[in-house]
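One structure is given below, encoded as structure tokens.
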Amino acid sequence: MGEPRVSDEFDEIFADIEDELDLTLYADIDELADEVTAQILLTIEAGLLANGEFHLVLTGGTLGVQIASALRSAWNAAPDMYQGLHIWWSDERFVDTESSERNAAPLHGTVENRNIVIHESLAPNSPATIEEAVEHYAAALDGVTIDLNILGVGPDGHVASLFPGVADLDDRRDIFAITDSPKPPASRISFTMKFINEAREIWIVAAGESKAEAVAKIIEGDLSIPASYVSAQVRTRLIVDQAAFFAE
């Protein structure tokens with residue numbers, strides 16, 4: 001596994017930020033995706049060895065799809081490994097199960113490793129209403145402790161389907177339905193901030209200039225965006241590429 005790379009002229013500012021935030025910086029989206037994938041696999045293997053079970057939450061978006069696809073390849077290449085691994089998503093678009101819009105699409109019907117349990121939420125063609133889908137997902141997660149939650153962040157600072165100015169960040173439920181999302185599709189299922197923060201570890205991943213403003217707000221602790229409220233039980237990481245960190 002390679003070491004994070006950062007150019008010398010930014011060493012001093014990078015060190016100052018690391019004193020307050022668990023920050024990892026990579027050169028570009030491809031290096032970030034490769035390294036995060038490798039680190040996820042090592043974390044899973046250590047967790048399975050220690051506890052016999054591991055619950056991983058994945059995310060959507062360009063970077064989330066890249067990571068999920070790389071994980072799928074690794075899992076399929078090791079069919080005798082990963083007994084006890086469970087896969088979840090922190091939010092899902094309430095569209096048909098075969099839709100490419102679903103966050104679960106990269107793993108839908110493509111994971112050949114039968115040791116791994118994939119927990120997809122119900123969809124309109126299940127058939128299910130969104131209320132039934134929320135109830136089903138919440139029941140499946142009842143009593144589950146998330147070991148690692150990989151969270152993407154939107155340019156507006158949203159995580160999962162918790163959008164700024166819209167989400168109730170004090171919601172005491174675990175899962176809830178959204179029928180008027182400001183970002184299409186309108187209907188979604190999402191973890192609450194409460195449930196996100198119950199994970200043992202959370203790794204927020206961001207790449208590209210479009211994420212720079214949100215990344216800056218997370219670093220500054222700007223509470224105008226949901227991403228700044230993310231705080232895991234044991235360890236919270238912010239993992240970005242140079243474009244997301246140094247954009248003007």
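Just subtract the alpha-carbon distance of residue 126 and residue 112 from 0.36 nm times their residue separation and send over the number in nm, one decimal.
Gain on stretching residue 126 to residue 112: 2.9 nm.
Given the Cα-Cα distance of residue 34 and residue 142 and 0.36 nm per residue of separation, how much length would full extension add, in nm?
In short, 35.7 nm is gained.
Once whole DSSP H runs in the chain are found, which of them have Cα atoms spread over 18 Å or more along the helix axis and a mean Kyte-Doolittle score of at least 0.5?
Span-like helices, by this rule, are 29-51.
Measure off 7 Å from each Cα along the Cα-to-Cβ vector at residue 81 and residue 200, then give the distance between these two points in nanometres to one decimal.
Going by the 7 Å Cα→Cβ label model, 1.8 nm.
Could you report the chain's accessible area per residue, 1.4 Å probe, as an integer in Å²?
46
When semi-axes √(5λ) of the Cα gyration tensor in Å is calculated directly from the model, which label among (i) 34, 25, 15; (ii) 24, 23, 18; (iii) 27, 22, 16 fits?
Looking at semi-axes √(5λ) of the Cα gyration tensor in Å for this model, the match is (iii).
Between residue 203 and residues 5 or more places away or on another chain, which pairs have amide H atoms under 5 Å apart, with H built 1.01 Å from N, and which residues are they?
So residue 203 has HN proximity to 149, 150, 151, 237.
Where the accessible area of the stretch 96-248 is counted over protein heavy atoms with a 1.4 Å probe, how much of it, in %, is carbon and sulfur?
Summing carbon and sulfur atoms, their accessible area is 46 percent of the total for the stretch 96-248.
In nm, to one decimal, how far is the modelled label at residue 231 from the one at residue 166, with both set 7 Å along Cα→Cβ?
2.6
Where in the stretch 68-82 does the label zone of residue 51 land, with the point 7 angstrom along Cα→C-beta and an amide N cut-off under 20 Å?
81-82
The values are calculated or read from the model by the stated rules, or taken from the named source; none is laboratory data. This structure is a prediction, so every number in the text was calculated from the model and none was measured. Cβ sites come from the backbone with ideal geometry, for glycine too, and all protein chains shown count toward neighbours. Side chains are part of the model used for accessible areas, which takes the heavy atoms of the whole protein and leaves out ligands, DNA and RNA. Shrake-Rupley method; radii C 1.70, N 1.55, O 1.52, S 1.80 Å.
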